[in-house]
1. Taking ALA82 as the residue in question, decide whether it is surrounded by 12 or more Cβ atoms within 10 Å (Cβ to Cβ), of a type in the set (A, V, I, L, M, F, W, C) and either out of contact with any Gly (no Cβ under 7 Å at 6 or more places or on another chain) or in a helix (DSSP H, G or I) (or both).
2. Return only the number of the condition from (1) at negative phi; (2) exposed (fewer than 12 other Cβ atoms within 10 Å of the Cβ) that LEU54 does not satisfy.
3. If I go through the stretch 113-122 residue by residue, how many of them are in a strand (DSSP E or B) and either under 10 Å from LEU22 (Cα atoms) or free of Cβ contacts under 8 Å to residues at least 24 places away in the same chain (or both)?
4. Pick from LEU73, LEU54: which is more than 10 Å from the chain's Cα centre (by Cα), part of a loop (DSSP other than H, G, I, E, B), aliphatic (A, V, I, L, M) and closer than 19 Å to TRP12 by Cβ?
5. Can we say ASP3 is acidic (Asp, Glu), over 11 Å from the mean Cα position of the chain (by Cα) and open to solvent by 90 Å² or more (accessible area, probe 1.4 Å)?
6. Condition first: modelled with pLDDT under 95, assigned to a loop (DSSP other than H, G, I, E, B) and hydrophobic (A, V, I, L, M, F, W, C). Can you find one or more residues in the stretch 31-50 that meet it?
7. I'm checking my understanding of the structure. Among residues of the stretch 85-110 that are open to solvent by 30 Å² or more (accessible area, probe 1.4 Å), in contact with a Gly (Cβ under 8 Å, 6 or more places away or on another chain) and among the hydrophobic types (A, V, I, L, M, F, W, C), which one is nearest to LEU34 (Cα to Cα)?
8. Within the stretch 113-137, restricting attention to residues that are at pLDDT below 90 and within 16 Å of VAL9 (Cα to Cα), which residue is surrounded by the most Cβ atoms within 10 Å (Cβ to Cβ)?
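The values are calculated or read from the model by the stated rules, or taken from the named source; none is laboratory data. Because the structure is predicted, anything quoted here is derived from the model rather than measured. Ideal geometry is used to build each Cβ from the backbone, glycine not excepted, and the neighbour counts take in all protein chains shown. Accessible surface areas use protein heavy atoms only, side chains included; no ligands, DNA or RNA. Shrake-Rupley method; radii C 1.70, N 1.55, O 1.52, S 1.80 Å.
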Amino acid sequence: MVDVGSKLVTEWTARARALMKLVRENGLKKGDVLSVARLAGIVGAKQTSSLIPLCHNISLSSVAVDIELDSALNCVIITGTAKCRGQTGVEMEALTAVSVSTLTVYDMCKAVSHDIVISEIMLLTKSGGTRGDFHRT
């Protein structure tokens, strides 16, 4: 585990995204699936240090999960944002939020079809710390 004891306390924000291609039409019903997936992502972000070995336990100040249905592409776009004030970043928490949300959608839709593709789980932005900001272009 990396020693962050000598780092200054700063504001950290990270945003991540995942895409899910729903190959079968009507493979996702809006209602409860998206609400449960959003909640699962928030809970997942809060459990990141339990899931990822050597990941610091962070006191999160905010976690948000936004889920958008893109009918034209027949996919779900899940975006997670994590924030904290601390000595280390929240990239893993944002990535865990979208991963757990995505897996929750899969779990709740697999009865309709197993032909669901999870892809492009990635960090979009990161701010805070001494290494500077990151913005995917």
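1. Working: surrounded by 12 or more Cβ atoms within 10 Å (Cβ to Cβ): yes; of a type in the set (A, V, I, L, M, F, W, C): yes; either out of contact with any Gly (no Cβ under 7 Å at 6 or more places or on another chain) or in a helix (DSSP H, G or I) (or both): yes.
Judged against the criteria, ALA82 is a match.
2. Condition not satisfied by LEU54: (1).
3. Going residue by residue through the stretch 113-122, those that are in a strand (DSSP E or B) are 116-122.
From what is left, the residues that are either under 10 Å from LEU22 (Cα atoms) or free of Cβ contacts under 8 Å to residues at least 24 places away in the same chain (or both) are 116-118.
Qualifying residue count, the stretch 113-122: 3.
4. Result: LEU54 is the single residue among LEU73, LEU54 that is more than 10 Å from the chain's Cα centre (by Cα), part of a loop (DSSP other than H, G, I, E, B), aliphatic (A, V, I, L, M) and closer than 19 Å to TRP12 by Cβ.
5. Numbers: acidic (Asp, Glu): yes; over 11 Å from the mean Cα position of the chain (by Cα): yes; open to solvent by 90 Å² or more (accessible area, probe 1.4 Å): yes.
Yes, satisfied.
6. No: the stretch 31-50 contains no residue that is modelled with pLDDT under 95, assigned to a loop (DSSP other than H, G, I, E, B) and hydrophobic (A, V, I, L, M, F, W, C).
7. By that ranking, first place goes to VAL100.
8. So in the stretch 113-137, the residues at pLDDT below 90 come out as 113-116, 129-132, 137.
Subset that is within 16 Å of VAL9 (Cα to Cα): 129-132.
Numbers: GLY129: 18, THR130: 7, ARG131: 8, GLY132: 8.
The selected residue is GLY129.
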